[in-house]
1. Roughly what percent of Cα-Cα pairs across the range B:62-104 reach past 13 Å?
2. Which of the chymotrypsin sites (Phe, Trp or Tyr not before Pro) found in the range A:12-71 are loop residues per DSSP with 15 or fewer other Cβ atoms within 10 Å of their Cβ?
3. Taking K and R as +1 and D and E as -1, what net charge do the other residues with C-beta under 14 Å from the C-beta of A:Phe44 add up to?
4. How large is ³J(HN,Hα) for each residue in the range B:118-126, as worked out from phi by the Karplus curve 6.51 cos²θ - 1.76 cosθ + 1.60 (θ = phi - 60°), to whole Hz, x for Gly and Pro?
5. With runs of 4+ DSSP H residues as the only contributors, calculate the mean residue ellipticity of the protein assembly as shown at 222 nm using -39,500 (n - 2.57) per run, divided by the residue total and rounded to the nearest 500.
6. Which loop trypsin sites (Lys or Arg not before Pro) in the range B:253-309, with loop taken from DSSP, have no more than 16 other Cβ atoms within 10 angstrom of their Cβ?
7. Hey, could you get me the Stokes-Einstein D for the range A:28-69, Kirkwood radius over alpha-carbon pairs, 4 °C and 1.567 mPa s, rounded to whole µm² s⁻¹?
8. Which longest uninterrupted range of chain B lacks any GluC sites (Glu not before Pro) assigned by DSSP to a loop state (not H, G, I, E or B) and surrounded by at most 13 other Cβ atoms within 10 Å?
Amino acid sequence: MEALYATITGVLAACGLFLALRGRTFPVVVGLTLLSYAVNLFLFSTGGLNTDAAPVIDGHGGQYTDPLPQALVLTAIVIGFAMTAFSVILAIRVRGELGSDDVHAGRANESRENKS
Amino acid sequence: MQHLPILPILLPLFAGLLLLLNRDGATRPRRIISLISTTLLVVIAIALVIQVSDDEIRYYALGDWQPPFGIILVLDRLSAMMVLLTSVLALGSVIYACAGEDEKGTNYHGLFQLQLMGINGAFLTGDLFNLFVFFEVLLIASYALLMHGGGKTRIHASFHYVALNLANSALFLLAVGTLYGATGTLNMADMAMRIDNLEPEQMELVKVGAMLLLVVFGLKAAMLPLYFWLPRAYAAAPAPVAALFAVMSKIGIYAIIRVYSLIFGDHAGPLGNLAQPWVWWLGLATLVLGTVGVLAARDLRAQVAYLIILSVGTLLAGIGMNSLAAQSALLYYLPHTTLLTGGLFLLVDSIAMQRGQAGARIVRARGVKEPVPLGLFFFIGAMGIAGMPPLSGAIGKMLLLQAASGPTQQALLWGVLLVSGLVAIVAMSRAGSTVFWRTTPRDETAVTNLGLWRGIAIGLLIGASPVLALFAGPVTEYTRATAEQLANHDGYIRAIIAPQKTGEAP
């Protein structure tokens, strides 16, 4: 299970990073979202992976999973969700104001302005 | 007074919520609420500084969950000082915004208060994950503030800023997760205690986490390979927002000082002083490139942004020296440079308003309408930031130069810091003489006056330099004691963890 989990996290992170480095705003936003999913999976695994264990303490001294990473993931999901929503809106605004979804569009205009 | 440490977070939160209630109403009540809240924040911060002067480290356990299990706020000399610095800077910024900048959008003041909440929380928290949460609070407020007023350059600069910071947040979570996985705690004091006796295989993991954290804080602080976002974002931001942003890069500096002196300090064995050599070299390199940027800038706003990078380089070099004297010197230099660069952002905006189309560009253009107050402020600001005596910059740099020990360190720091000071003088005097003297006849009709509010705001922030120089004695005493408190990490852990006292919880 560990190997599968690690592979999935790694593939998600790699895809996210690749997309985040693209030159258009939409892939960048999707890439950052994938990256945050990978991070959430990673955080979830920091307490160790258990099967058939009680979610918190079961009262009989049996095996239980670490509840703290779950709380952390919950926080991270909420924050990541808000940030993604914001960056989508921002990307649309960039597209609307600059007439292009290229991440360097504004910079090209800027240097022309300086020259004139 | 036991609830004092939480007030710098609660007050801006409630003020921000109150400001949300009547977003479309008149501007006046919003200004009044914002001014009252920020002024109260200054008063609270002064009370905090007085409270910590007895050298005791206090903690505030939220919900009375005792550390290391609950989330705590820690109040020591460093965090009290940073909160005071933030509140003074915020006061100047709010006063300036009340002169008209806040009318360009409906919720300027509310967002501003929420950002203050995030900044204060980041300074006060004693928990690594909570630090992340407060980082996000201040970041999301800053995204919105950066776009305040709109415009093409602004929106474009903010997309870059947002994308970078989202990636940075992902890295932060990875680092925190790694450290939690290896040490089993998120409380900074507890982590510092557990770092001594780790298994060898966990040691490597902790090292990875620690270096990842350095990247995260390095991007916040604008350390060398990670500073390229800063000049564009800060130069595009509205002036009062840029002034408040001057303290945001110092949050990175604060986090580096806190984490690498408390958790990875001298006591941590093989993990001890992990970051300092990196920070030293990167700090010097940041200083060099910041100097080049100051000289090359063709726009006053960009020039001030590069002055921030210059100061960040200086502070990082101070951290890299890793001695008591250097720590205390950089803690004196930090408020000086933050307030002054904040004041310069405001001043440059006022200058740009009076120059018509030329704006803040360093070109021959219409003269400003009020050369006397603006020129005087610019002179004091430029001299202060370049480090000319008798202002505070000279004292801060001198203390740092004195703190260098050993011939290599001395040669490097003296060389780089003094040359950067000289270049800053050259660049600022060139900019100043172009803006104020190389002018075409001015058009008296269509310009905005400086006005009382802007004058007070700029005077408050730039006037901080002479004041800091005048009270250099007490201030350096305070920073000295702060550095000693930071070095005494056993004292910190004992104050928070060891004796299971009832604490000062509600």
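Here, each number is a calculation from the coordinates, and none is a lab measurement. Predicted model, so just to flag it, every value in this text is computed and none were measured. Heads up, the Cβs are rebuilt from the backbone with ideal geometry, glycines too, and the neighbour counts pull from every protein chain shown.
1. Distances greater than 13 Å cover 68 percent of the Cα pairs.
2. none
3. Computed value for this residue: -2.
4. Per-residue couplings from phi come out as x, 5, 4, x, 4, 6, 9, 6, x Hz.
5. Taking each H run of at least 4 residues, the total per residue is -24000 deg cm²/dmol.
6. B:Arg298
7. 109
8. With GluC sites (Glu not before Pro) excluded where exposed in loops, chain B gives B:57-443 as its longest stretch.
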